[in-house]
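For reference, the structure is listed below as structure tokens.
Read-outs: derived from the displayed coordinates by stated rules, not from any lab. This is a predicted model, so every value here is computed, not measured. Here Cβ is always computed from backbone atoms with ideal geometry, including for glycine, and neighbour counts include all displayed protein chains.
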Amino acid sequence: MDAGVPPDALGRRVSCGTDYGTVRYVGSVSPTAGIWLGVEWDDPQRGKHDGSYEGTQYFKCRHPKGGSFIRPNKANFGVDFLTAVKDRYGLNDKQDVQYGTGNTLVFGTKTVEFVGMDSVAEQQRQVQLNKLVDISVRECAVSHAGQEEEISRTCANMRHINLSKNLISSWETVIAIASQVQNLETLNVSENKMRFPSTSTFTSSAFSNLKILALNQTEITWTEVLLCAQGWPVLEELYLSSNNITVLKRPDNVLQTLKLLDLSDNQLLDGNQLHLIAQLPRLEQLILRNTGISSIHFPDAEFGCKTKMFPLLKRLAINDNKISQWSSINELDKLPSLRALQCNNNPLMDTEKNPETLIQLIIAKISQLEVLNNCEILPAERRGAELDYRKIFGKDWLEAGGHWNPEKNKPSEEFLAAHPRYPTLCLKYGAPEEGELKGRQPLTLKNQLLTLTIKCPEKPEQKPVEKKLPESMTIQKVKGLLYRLFKIPGSELKLSYESSKLEGKEVELDNDLKPLQFYSIESGDCVLVRW
């Protein structure tokens, strides 16, 4: 082995200038002489090939041009934790004071003899290191813990450590550092691509007091999270963004103290994955930004009832996703403790031209919401939103069997599915007066029935069905009807229609709040259903 190559180089993290990578090969590369390191770079732009050279495959890369060979003297294998701390905080023996030979000190050009000064300076450094409580060695090339017990002797009072973007190759290194910090409460090891245990191993007490842990961009899987979590008995905040986590599993007997979980920038396979973490008993904040979810559903509760899932969840972030149906917003009203919601940048936000109307609809649909997209909802704003909602959908309520007389008030299932809070709003403010609604109805709108053929073009086993629907029925109501008609499990419906007048053209029914007549649908037209 080359003198400049550590014996455990294979799999180690290295840096070269500003680039980071993982050593995948150590050895010769024919026909050249000497030792080479085959490196898979984090940024494929830094690489040149897939680990092969002149027809020989020396190592493999995930990206076809993610690898290259470098000489060992070009690779930085990093330093131990304490060296990085001393360098970062100016507490090493190379700074401020230069040491001469024997018991002398050099101040500028003047040499002074000082008996025992070496030990005095060292004691002063020890005192200063022991005072450090909050330590950041981000981007300091930390790769290993150093000598055993050296950290605990030197930095006894550390509580918060930022180890992000270093050269840590394995979780064992993190344990080796943390086990020497008795009262560690906050740890950030994000941006270290490292190996995690794949089977249940001895649970270290290194994290017995840890409250906050950041593991963003570490390539950890959910299975590995659950294995490591056995050693996080009092953890309250866990940050796991950008880890390619796609599948969740139920966290049995772990993460039970968790109050905040950040899964943003992981492409979850579907919204039903959330059911697997729904019983975390103390979870108050869930961050699901850019996770690819398109719908949310709590099947254990009927509309108007509260779910047993996420019992303490107060703050939910679902911005930058693919949610396009109002039914998902209706579902959020089932969360018993929800107070704050972030939902910007979802297709649903495009269903209303007026953003104010959109905000009002969300406020009216989620009864306990106090903060929407980081803006506080004032009592007057809630009252206005709920009164408007009651008026806007009053005509639909009447047509669906709603009535001012409680004995005759029997709105249809379809209406209640689309507007689960409507009965509550009528109890709160009274049923909408007929006079309130008349001004909103164009005179030409009569409750005409349309005879429509309904087909599922991608499901040939489903036979076409003929239905008579009122032309004032909203697309949302039509979807509610079709969910039951075709017994569709919680998937998203996409509706369009074909008309003999629009030969060869399909028109999307893409706004849940618009009635059928908005799209100029006529009797004899064909509604196409896809999911």
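Side notes on the structure shown:
- Counting only alpha carbon atoms, the long axis of helix 475-485 and the longest principal axis of the chain meet at about 90°.
- Centroid-to-centroid separation of the range 497-531 and the range 337-362 [C-alpha atoms, Å]: 25 Å
- Along its first, second and third principal axes, ordered by size, the chain spans 103, 59, 45 Å in Cα coordinates.
- Cβ-derived FRET efficiency at R0 45 Å, E149 paired with N344, nearest 0.05: 0.35
- Between L427 and D388, the distance separating the two model label sites (each 7 Å from Cα on the Cα→Cβ line) works out to 2.5 nm.
- Looking at the range 474-513, the GluC sites (Glu not before Pro) that sit in a DSSP loop and have at most 12 other Cβ atoms within 10 Å of their own Cβ are E503.
- Low-density loop positions, trypsin sites (Lys or Arg not before Pro), the range 353-428 - DSSP coil, at most 14 other Cβ in 10 Å: K353, K408
- Once you reduce the range 162-211 and the range 224-253 to the center of their Cα atoms, the two points are 13 Å from each other.
- When you work out D = kT/(6 pi eta Rh) for the range 201-246 at 10 °C and 1.306 mPa s, using the Kirkwood radius from C-alpha pairs as Rh and the Stokes-Einstein form, the result is 143 µm²/s.
- Two-site label geometry, S136 and N272: point separation in nm, points 7 Å out along Cα→Cβ: 4.4 nm
- Linear extension gain, R530 paired with N244, 0.36 nm per residue minus alpha-carbon span: 100.1 nm
- For N253 and L378, the FRET efficiency from 1/(1 + (r/R0)^6), where r spans their Cβ atoms and R0 equals 56 Å, is about 0.85.
- Stretch gain in nm, segment C305-E172, where the contour uses 0.36 nm per residue and the Cα spacing is subtracted: 43.2 nm
- Residue-wise HN-Hα coupling along the range 367-381, computed from phi with Karplus coefficients 6.51, -1.76, 1.60 (Hz; x: Gly, Pro): 5, 9, 5, 10, 9, 10, 6, 6, 10, 5, 9, 7, x, 5, 5
- A crude spin-label estimate for the pair K467 and E370, with each label 7 Å from Cα along the Cβ direction, gives 4.1 nm.
- Normalised by 2.2 N^0.38 Å, where N is the number of residues, the alpha-carbon radius of gyration of the range 171-322 equals 1.05.
- Shape call, the range 12-74: gyration tensor on alpha carbons, a/c limit 1.5: oblate
- Across all Cα atoms of the range 449-530, the radius of gyration (one decimal) and Dmax (whole number) stand at 11.7, 33 Å.
- Helical contribution to [θ] at 222 nm, DSSP H n ≥ 4, -39,500 (n - 2.57), averaged over the chain, rounded to 500: -6000 deg cm²/dmol
- Length gained when the stretch S523-K410 is fully extended (0.36 nm per residue, less Cα-Cα span): 37.9 nm
- In sequence order, the range 68-79 has phi-based couplings of 7, 9, 9, 6, x, 6, 8, 9, 9, 8, x, 10 Hz under the Karplus curve 6.51 cos²θ - 1.76 cosθ + 1.60, θ = phi - 60°, and Gly or Pro positions carry x.
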